[in-house]
Amino acid sequence: MKTIAKIYTDFPEKFGIPRQSGLVKGLTGRIVFEPEYRSPDAIRGLEQFSHIWILWKFSQTEREKWTATVRPPRLGGKTHVGVFATRSPYRPNDIGLSSVRLLEVRMDERDGPEILVDGVDMVNGTPIYDIKPYIPLCDCHPEASEGYTRETREHALEVEFPRELLELYPEEKRDAVIGVLAQDPRPAYVMDPEWIYGLSFAGHDVKFRVERNRLTVVGLI
């Protein structure tokens, strides 16, 4: 598998990244191709599509051997589910799959063709293996059923973000950081209401605590 590009996002580390793509609007990414693949011909026609698929590498999850079951955070971190019944990053092959909205295809004088996307769930600098157009005719299945994810699809915290802290972010980043926090980035094994967590996003370290369904931002570095 060859790395064809890398995506640059506002997440310097994996903690806090939404667990699925498309959950939080305003999380943008810039895809820059590796020198070998910087041909405008390679993306000719891509701008006609509204969404794309990205196949990428879980570059920050290292494990010597795979396990048959994992514990999804949305199930409390205690229920074991087969790895192939999840989208866990801990898999035999470290391949991620994301469906994102295509914002723009453009040419950069230095880096060649670039792709701007929205709804990312990848850490900054993630290697990309492939890009494919999203085709509603065959990729969208309105009649599809789901398993345990039906129980966990609605999960959002009320976010209290003091205005004087929120305004330290550029206006275009404010809805995005609130959306990330609302998705409850805490690990399932830590639910102490006095615990102060730190989430790195778009150049700041957001300090917060969570009590019941309310997340309160207590500092911004």
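Protein chains only, probe 1.4 Å: how do ILE131, ILE178, ILE196 rank by accessible area, largest first?
ILE196, ILE178, ILE131
Report in % the part of the accessible area of the chain that belongs to carbon and sulfur, leaving out ligands and nucleic acids; probe 1.4 Å.
Carbon and sulfur together cover 50 percent of it.
Once the Cα atoms of helix 171-182 and of the chain are each reduced to a long axis, what angle between those two axes, in degrees from 0 to 90 to the nearest 10, is obtained?
Result, in degrees: 60.
How large is Rg/Rh for the chain, to two decimals, with Cα atoms and a Kirkwood Rh?
0.97
Once you put a point 7 Å from the Cα of GLU62 and another 7 Å from the Cα of PHE15, both along the Cβ direction, what distance in nm separates them?
So the label points at GLU62 and PHE15 sit 1.8 nm apart.
Report the semi-axes of the equivalent ellipsoid for segment 178-221 in whole Å, largest first, where each axis is √(5λ) for an eigenvalue λ of the Cα gyration tensor.
17, 11, 10
Segment 75-147: which trypsin sites (Lys or Arg not before Pro) are DSSP loop and have at most 10 other beta-carbon atoms within 10 angstrom?
The qualifying sites are LYS78, ARG110.
Between segment 105-124 and segment 1-69, what is the separation of their alpha carbon centroids in Å?
10 Å
Go through segment 140-197 and name the GluC sites (Glu not before Pro) that are in a DSSP coil and have 13 or fewer other Cβ atoms within 10 Å of their Cβ. Please report the intermediate quantities before stating the final value.
On the way: sites: GLU143, GLU146, GLU151, GLU154, GLU158, GLU160, GLU164, GLU167, GLU171, GLU172, GLU194; in loops: GLU143, GLU146, GLU154, GLU167, GLU194.
Counting only loop positions with at most 13 other Cβ atoms within 10 Å, the GluC sites (Glu not before Pro) in segment 140-197 are GLU143, GLU146, GLU154, GLU167, GLU194.
Out of the chymotrypsin sites (Phe, Trp or Tyr not before Pro) in segment 118-193, which ones are loop residues according to DSSP with at most 14 other C-beta atoms within 10 Å?
TYR148, TYR189
Expressed as a fraction of 2.2 N^0.38 Å, the rule-of-thumb size for a compact globular protein of N residues, what is the C-alpha radius of gyration of segment 1-107?
Taking N as the residue count of segment 1-107, the ratio is 1.23.
Keeping all protein chains in position, work out how much accessible area HIS141 exposes to a 1.4 Å probe, and write it in Å² to the nearest 10.
We get 100 Å² for HIS141.
Would you mind checking segment 160-190 for residues with the amide N under 13 Å from a putative spin-label position 7 Å along Cα→C-beta of ILE221?
none
Considering only protein heavy atoms, with the full assembly of protein chains and a 1.4 angstrom probe, order MET107, MET122 by accessible area, largest first.
Details: MET107 120, MET122 0 Å².
Descending order: MET107, MET122.
For segment 1-136, compute the number of Lys pairs whose alpha carbons are separated by less than 23 Å, excluding pairs fewer than 8 positions apart on the same chain.
Going through segment 1-136 pair by pair, I get 17.
The values are calculated or read from the model by the stated rules, or taken from the named source; none is laboratory data. Nothing here was measured: the structure is a model prediction, and the numbers come from that model. A quick note on method: Cβ atoms are made from the backbone with ideal geometry, for glycine too, and the neighbour counts reach across all protein chains shown. Each accessible area value is taken on the protein alone, full model and side chains, heavy atoms only, with ligands, DNA and RNA left out. Shrake-Rupley method; radii C 1.70, N 1.55, O 1.52, S 1.80 Å.
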